[in-house]
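The structure appears right after this line, and notes come after that.
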Amino acid sequence: MTTELNDRTLSEQKLQMLLNFHELCWDELSWRRTAGYRTIIFGLGYLSALLAVVAFNHYMPYGIRVCMAIVVAIATLFGSGYLVSNYYKYTAAFRKCVAIEDHLGAFDPDFLGSLGALMEPGRKVWANLPLHRNPVCIWSILAFAAGGLVTAFAILLM
C-alpha cells in the first residue's frame, strides 16, 4: 500500500521510518533544550552557593581562593563552550525534524484541508536561526559566562 504526498510515493515502511526518525530527532532536540536550561540554572545556583560559602569563611587562605577562582573560571569557559555546542546540535536536530515535516507536506496550505497547514512556515526560519540571532539563547550563555567570571573575581576579592 502506498500513500501519495508531495507528488512522491512513499511506502508504509518508509513512512514509519520517517516517523521514527522524527521522534528520535524531536527527543534529541527536547533533551538538548532542557539540558541547556538545566546547565544554566544549576551552574548559576552552584556559583551562588560557592559565593556564600566563601563569603562566610573569613579564614580561608588566599592560595585556596586563587585555586577556587581558577577552577571556577575554567569551568565557566568549558560550560559556555558546552552551551554553544549544545545549541548547534539542538538546531541540527530541529532542522532534521523540519526536513521530514517538509518532505511529508506539513507546510502545505491544504495539508489539513480547510484548516490549512499542519506546521507554521516560521518553523523553517527557527530551525536555521544562528546563535547570534537568537536573543534568548545568546543572552543566557552570556549571563552564564558573566556570572562565572564575576564569581571567580569575587572569590579573589573577598
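Any read-out appearing in this document is the output of simple, stated calculations on the displayed coordinates, not a laboratory observation. Computed from a predicted structure; not experimentally measured. All Cβ positions, even for glycine, are placed from backbone atoms using ideal geometry, and neighbour counts span all protein chains on display.
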Could you point to the label whose value was computed as Cα extents along the principal axes in Å for the structure here, given (1) 77, 27, 20; (2) 42, 36, 31; (3) 51, 41, 25? (1)
Which residue, chosen from A52, H22, N128, occupies the Cα position most advanced towards the positive end of the dipole of region 17-157, where the dipole is computed from +1 (Lys, Arg) and -1 (Asp, Glu) charges on Cβ about the Cα centre? A52
Scanning the chain for helices, which whole DSSP H stretches are 18 Å or more long along the axis (Cα) and average 1.6 or more by Kyte-Doolittle? 135-157
Using a basic spin-label model with each label point 7 Å from the Cα along Cα→Cβ, how many nm lie between L112 and I41? 3.0
To the nearest 20 debye, what is the magnitude of the charge dipole of the chain about its Cα centre, counting +1 on the Cβ of each Lys and Arg and -1 on the Cβ of each Asp and Glu? 820
